[in-house]
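What follows is one structure encoded as C-alpha coordinates, with my remarks underneath.
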Amino acid sequence: MSSPAMIDRYRWWEIILIYCGIAVFLFFVLAPFLEGFLVSLKPLSQLFSSPYRFWPENGSFEAYRTMWISVPGFARYIFNSFFISTVVTLIVLCLVIPAAYAFAKFEFRGMGILLGAFLTVNMFSGAVLLIPLFRLMRSMGVLNTYLAMIVPGVAFLIPSAIWLLRTYMIRIPQELNEAAYMDGASHFYTLRRVILPIAMPGIIVVAITTFIGAYAQQFIFALTFNSKTEYMPLPVGLFAYFGKQEVIWNELMAASFVGIAPAMVVIFFLQRYLVGGLTAGAVKQ
(Lines give C-alpha, C1' and ligand atoms only; values in the text may rest on other atoms or scores of the structure.)
Protein backbone atom coordinates (compact mmCIF):
# COMPACT_ATOMS: atom_id res chain seq x y z
CA MET A 1 0.00 0.00 0.00
CA SER A 2 1.48 3.33 -1.04
CA SER A 3 1.96 6.02 1.54
CA PRO A 4 -0.03 9.26 1.16
CA ALA A 5 1.57 12.22 -0.55
CA MET A 6 3.49 14.59 1.69
CA ILE A 7 1.04 17.44 1.05
CA ASP A 8 -1.88 15.23 2.16
CA ARG A 9 -0.33 14.79 5.60
CA TYR A 10 -1.00 18.42 6.52
CA ARG A 11 -4.29 19.92 7.64
CA TRP A 12 -5.99 22.51 5.48
CA TRP A 13 -4.90 25.45 7.63
CA GLU A 14 -1.31 24.20 7.68
CA ILE A 15 -1.32 24.07 3.88
CA ILE A 16 -2.61 27.66 3.78
CA LEU A 17 0.20 28.77 6.12
CA ILE A 18 2.78 26.98 3.97
CA TYR A 19 1.61 28.68 0.80
CA CYS A 20 1.39 32.06 2.56
CA GLY A 21 4.99 31.66 3.73
CA ILE A 22 6.09 30.78 0.20
CA ALA A 23 4.20 33.80 -1.16
CA VAL A 24 5.88 36.15 1.34
CA PHE A 25 9.30 34.70 0.52
CA LEU A 26 8.75 35.08 -3.24
CA PHE A 27 7.52 38.65 -2.75
CA PHE A 28 10.72 39.75 -1.04
CA VAL A 29 12.82 37.90 -3.64
CA LEU A 30 10.98 39.16 -6.72
CA ALA A 31 9.99 42.66 -5.55
CA PRO A 32 13.37 44.28 -6.43
CA PHE A 33 13.23 42.76 -9.92
CA LEU A 34 9.66 43.97 -10.41
CA GLU A 35 10.54 47.46 -9.23
CA GLY A 36 13.58 47.55 -11.52
CA PHE A 37 11.48 46.47 -14.49
CA LEU A 38 8.83 49.11 -13.75
CA VAL A 39 11.56 51.77 -13.47
CA SER A 40 12.76 50.80 -16.95
CA LEU A 41 9.25 51.53 -18.28
CA LYS A 42 8.95 54.99 -16.70
CA PRO A 43 10.07 58.25 -18.26
CA LEU A 44 12.98 59.80 -16.38
CA SER A 45 10.75 62.67 -15.19
CA GLN A 46 8.47 60.27 -13.27
CA LEU A 47 11.18 58.57 -11.26
CA PHE A 48 11.50 61.38 -8.69
CA SER A 49 7.94 62.68 -8.75
CA SER A 50 6.11 63.28 -5.47
CA PRO A 51 4.16 61.31 -4.42
CA TYR A 52 6.06 58.35 -5.84
CA ARG A 53 4.03 56.15 -8.18
CA PHE A 54 4.77 52.46 -8.15
CA TRP A 55 3.01 51.73 -11.44
CA PRO A 56 4.28 53.76 -14.41
CA GLU A 57 2.00 56.33 -16.01
CA ASN A 58 2.17 56.18 -19.80
CA GLY A 59 4.90 53.57 -19.50
CA SER A 60 6.74 52.41 -22.59
CA PHE A 61 9.76 50.42 -23.73
CA GLU A 62 11.47 53.57 -25.00
CA ALA A 63 14.39 53.09 -22.62
CA TYR A 64 15.11 49.70 -24.21
CA ARG A 65 15.65 51.53 -27.50
CA THR A 66 17.53 54.60 -26.30
CA MET A 67 19.94 52.57 -24.13
CA TRP A 68 21.70 51.37 -27.28
CA ILE A 69 22.11 54.98 -28.44
CA SER A 70 23.38 56.27 -25.08
CA VAL A 71 26.07 53.56 -24.92
CA PRO A 72 26.91 52.45 -28.49
CA GLY A 73 29.26 49.66 -27.34
CA PHE A 74 26.78 48.01 -25.00
CA ALA A 75 26.36 44.93 -27.22
CA ARG A 76 30.12 44.39 -27.01
CA TYR A 77 29.95 44.52 -23.21
CA ILE A 78 27.31 41.78 -23.18
CA PHE A 79 29.35 39.63 -25.55
CA ASN A 80 32.47 40.06 -23.41
CA SER A 81 30.66 38.99 -20.23
CA PHE A 82 29.11 35.99 -21.94
CA PHE A 83 32.43 34.99 -23.53
CA ILE A 84 34.44 35.35 -20.32
CA SER A 85 31.87 33.43 -18.26
CA THR A 86 31.68 30.63 -20.82
CA VAL A 87 35.47 30.20 -21.02
CA VAL A 88 35.80 30.31 -17.22
CA THR A 89 33.07 27.68 -16.85
CA LEU A 90 34.67 25.33 -19.39
CA ILE A 91 38.13 25.63 -17.82
CA VAL A 92 36.75 25.12 -14.30
CA LEU A 93 34.84 22.00 -15.37
CA CYS A 94 37.91 20.52 -17.09
CA LEU A 95 39.97 20.98 -13.93
CA VAL A 96 37.32 20.26 -11.31
CA ILE A 97 35.85 16.99 -12.65
CA PRO A 98 39.03 14.88 -12.27
CA ALA A 99 39.94 16.69 -9.03
CA ALA A 100 36.53 16.06 -7.46
CA TYR A 101 36.68 12.42 -8.59
CA ALA A 102 40.06 11.98 -6.90
CA PHE A 103 38.93 13.65 -3.66
CA ALA A 104 35.70 11.62 -3.60
CA LYS A 105 36.95 8.12 -4.48
CA PHE A 106 40.54 7.92 -3.24
CA GLU A 107 42.34 8.34 0.05
CA PHE A 108 45.76 9.99 -0.10
CA ARG A 109 48.06 11.84 2.25
CA GLY A 110 47.30 15.52 2.66
CA MET A 111 43.75 15.31 1.30
CA GLY A 112 42.21 16.97 4.34
CA ILE A 113 44.80 19.75 4.26
CA LEU A 114 44.08 20.44 0.59
CA LEU A 115 40.32 20.54 1.13
CA GLY A 116 40.83 22.89 4.05
CA ALA A 117 43.06 25.08 1.90
CA PHE A 118 40.29 25.31 -0.69
CA LEU A 119 37.92 26.61 1.97
CA THR A 120 40.55 29.08 3.14
CA VAL A 121 40.89 30.47 -0.38
CA ASN A 122 37.15 31.14 -0.47
CA MET A 123 37.46 33.23 2.69
CA PHE A 124 39.55 35.87 0.89
CA SER A 125 37.82 38.50 -1.19
CA GLY A 126 39.18 39.33 -4.60
CA ALA A 127 39.75 42.92 -3.43
CA VAL A 128 42.27 41.71 -0.83
CA LEU A 129 44.43 40.07 -3.49
CA LEU A 130 44.22 42.77 -6.17
CA ILE A 131 47.80 44.00 -5.79
CA PRO A 132 49.50 40.56 -5.99
CA LEU A 133 47.12 39.56 -8.76
CA PHE A 134 47.96 42.72 -10.68
CA ARG A 135 51.68 41.96 -10.39
CA LEU A 136 51.05 38.40 -11.51
CA MET A 137 48.99 39.51 -14.52
CA ARG A 138 51.67 42.05 -15.44
CA SER A 139 54.45 39.47 -15.21
CA MET A 140 52.42 37.13 -17.41
CA GLY A 141 51.86 39.91 -19.95
CA VAL A 142 48.10 39.47 -20.04
CA LEU A 143 46.95 42.90 -18.84
CA ASN A 144 44.30 44.46 -21.10
CA THR A 145 43.30 41.05 -22.49
CA TYR A 146 40.53 38.55 -21.81
CA LEU A 147 43.00 36.39 -19.88
CA ALA A 148 43.35 39.09 -17.25
CA MET A 149 39.75 38.38 -16.23
CA ILE A 150 39.63 34.67 -17.05
CA VAL A 151 42.65 33.59 -14.97
CA PRO A 152 41.55 35.09 -11.62
CA GLY A 153 37.97 34.05 -12.29
CA VAL A 154 39.03 30.42 -12.69
CA ALA A 155 41.27 30.59 -9.62
CA PHE A 156 38.53 31.91 -7.33
CA LEU A 157 35.79 29.56 -8.57
CA ILE A 158 37.70 26.25 -8.55
CA PRO A 159 37.66 25.65 -4.75
CA SER A 160 33.89 25.92 -4.29
CA ALA A 161 33.30 23.89 -7.46
CA ILE A 162 35.52 21.05 -6.15
CA TRP A 163 33.65 20.94 -2.85
CA LEU A 164 30.26 20.97 -4.57
CA LEU A 165 31.05 18.25 -7.12
CA ARG A 166 32.97 16.13 -4.59
CA THR A 167 29.88 16.04 -2.37
CA TYR A 168 27.84 14.72 -5.30
CA MET A 169 30.42 12.12 -6.36
CA ILE A 170 30.72 10.74 -2.84
CA ARG A 171 27.12 9.52 -3.16
CA ILE A 172 27.99 7.40 -6.21
CA PRO A 173 28.43 3.78 -5.00
CA GLN A 174 32.04 2.72 -4.64
CA GLU A 175 31.04 -0.69 -6.04
CA LEU A 176 30.93 0.86 -9.52
CA ASN A 177 34.60 1.78 -9.26
CA GLU A 178 35.50 -1.65 -7.95
CA ALA A 179 33.55 -3.42 -10.70
CA ALA A 180 35.27 -1.33 -13.40
CA TYR A 181 38.65 -2.07 -11.78
CA MET A 182 37.92 -5.80 -11.78
CA ASP A 183 37.16 -5.58 -15.49
CA GLY A 184 40.56 -4.03 -16.12
CA ALA A 185 39.42 -0.44 -16.65
CA SER A 186 41.83 2.39 -15.89
CA HIS A 187 40.91 5.27 -13.60
CA PHE A 188 40.51 7.62 -16.54
CA TYR A 189 38.29 5.15 -18.38
CA THR A 190 36.19 4.63 -15.26
CA LEU A 191 35.76 8.37 -14.83
CA ARG A 192 34.85 8.92 -18.48
CA ARG A 193 32.53 5.95 -19.09
CA VAL A 194 31.13 5.10 -15.64
CA ILE A 195 31.24 8.12 -13.31
CA LEU A 196 30.57 11.00 -15.70
CA PRO A 197 27.15 9.79 -16.96
CA ILE A 198 25.94 9.30 -13.38
CA ALA A 199 27.47 12.55 -12.14
CA MET A 200 26.07 14.65 -14.99
CA PRO A 201 23.33 16.31 -12.87
CA GLY A 202 25.97 17.38 -10.36
CA ILE A 203 28.24 18.61 -13.13
CA ILE A 204 25.42 20.73 -14.55
CA VAL A 205 24.81 22.24 -11.10
CA VAL A 206 28.50 23.13 -10.89
CA ALA A 207 28.35 24.60 -14.40
CA ILE A 208 25.36 26.78 -13.44
CA THR A 209 26.92 28.09 -10.23
CA THR A 210 30.28 28.66 -11.93
CA PHE A 211 28.70 30.54 -14.83
CA ILE A 212 26.72 32.76 -12.46
CA GLY A 213 29.80 33.38 -10.32
CA ALA A 214 31.91 34.24 -13.35
CA TYR A 215 29.19 36.53 -14.71
CA ALA A 216 28.90 38.37 -11.38
CA GLN A 217 32.53 38.80 -10.30
CA GLN A 218 33.90 40.45 -13.45
CA PHE A 219 33.64 44.04 -12.25
CA ILE A 220 36.58 44.27 -9.87
CA PHE A 221 38.95 42.31 -12.13
CA ALA A 222 38.00 44.24 -15.26
CA LEU A 223 38.34 47.59 -13.51
CA THR A 224 41.82 46.70 -12.22
CA PHE A 225 43.39 44.59 -14.98
CA ASN A 226 41.86 46.14 -18.08
CA SER A 227 41.74 49.65 -19.52
CA LYS A 228 40.61 48.87 -23.06
CA THR A 229 36.96 49.33 -23.95
CA GLU A 230 36.87 46.36 -26.34
CA TYR A 231 37.53 43.95 -23.43
CA MET A 232 35.21 45.53 -20.87
CA PRO A 233 32.44 43.24 -19.52
CA LEU A 234 28.87 44.17 -18.73
CA PRO A 235 29.27 45.31 -15.07
CA VAL A 236 31.79 47.97 -16.13
CA GLY A 237 29.70 48.92 -19.16
CA LEU A 238 26.73 49.71 -16.93
CA PHE A 239 28.73 52.53 -15.39
CA ALA A 240 28.42 54.41 -18.67
CA TYR A 241 24.85 55.28 -17.65
CA PHE A 242 26.18 57.16 -14.61
CA GLY A 243 26.63 60.69 -15.90
CA LYS A 244 28.46 63.56 -14.23
CA GLN A 245 25.22 65.34 -13.34
CA GLU A 246 22.62 62.57 -13.20
CA VAL A 247 22.04 58.85 -13.52
CA ILE A 248 19.84 57.66 -16.37
CA TRP A 249 17.99 55.21 -14.15
CA ASN A 250 15.40 53.96 -16.65
CA GLU A 251 18.07 53.14 -19.25
CA LEU A 252 20.30 51.65 -16.55
CA MET A 253 17.52 49.28 -15.44
CA ALA A 254 16.71 48.42 -19.06
CA ALA A 255 20.37 47.70 -19.75
CA SER A 256 20.58 45.53 -16.64
CA PHE A 257 17.68 43.35 -17.76
CA VAL A 258 19.00 43.09 -21.30
CA GLY A 259 22.45 42.26 -19.94
CA ILE A 260 21.32 39.35 -17.79
CA ALA A 261 19.12 37.91 -20.54
CA PRO A 262 21.90 35.70 -22.06
CA ALA A 263 22.74 34.28 -18.65
CA MET A 264 19.09 33.57 -17.92
CA VAL A 265 18.70 31.76 -21.26
CA VAL A 266 21.73 29.56 -20.53
CA ILE A 267 20.51 28.79 -17.01
CA PHE A 268 17.03 27.97 -18.33
CA PHE A 269 18.33 25.37 -20.77
CA LEU A 270 20.79 23.91 -18.26
CA GLN A 271 17.97 23.51 -15.75
CA ARG A 272 16.04 21.49 -18.31
CA TYR A 273 18.99 19.12 -18.71
CA LEU A 274 19.40 19.04 -14.94
CA VAL A 275 15.84 17.83 -14.40
CA GLY A 276 16.24 15.32 -17.22
CA GLY A 277 19.42 13.98 -15.67
CA LEU A 278 17.81 13.60 -12.27
CA THR A 279 14.84 11.65 -13.61
CA ALA A 280 17.03 9.50 -15.88
CA GLY A 281 19.52 8.74 -13.14
CA ALA A 282 17.35 6.33 -11.20
CA VAL A 283 19.17 3.10 -10.34
CA LYS A 284 17.30 -0.15 -9.91
CA GLN A 285 18.01 -1.61 -6.48
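The values are calculated or read from the model by the stated rules, or taken from the named source; none is laboratory data. Everything numeric here is computed off the predicted structure, so don't read it as measured data. Cβ: placed from backbone, ideal geometry, glycine included. Neighbour counts: every protein chain shown. Please note that ligands, DNA and RNA were not included when accessible areas were found on the heavy atoms of the full protein model with its side chains. Shrake-Rupley method; radii C 1.70, N 1.55, O 1.52, S 1.80 Å.
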- [ ] Grab every C-alpha pair in the chain, bin the distances at 5 angstrom width from 0 up to the longest one, and report whole percents.
- [x] 1, 5, 9, 11, 12, 12, 12, 11, 10, 7, 5, 3, 1, 0, 0, 0
- [ ] Skip the ligands, DNA and RNA, and give the accessible area per residue of the chain with a 1.4 Å probe, whole Å².
- [x] 62 Å²
Task: Relative contact order of the range 81-226, defined on C-alpha pairs under 8 angstrom at six or more residues apart (%) - done: 46 percent
Task: Fraction of accessible area attributable to carbon and sulfur, the chain (%, probe 1.4 Å) - done: 70 percent
- [ ] Could you tally the net charge around THR145, taking each other residue with its Cβ under 13 Å from the Cβ of THR145, Lys/Arg +1 and Asp/Glu -1?
- [x] +1
- [ ] Report the relative contact order of the chain, percent, no decimals, based on alpha-carbon pairs under 8 angstrom and at least 6 residues apart.
- [x] 29 percent
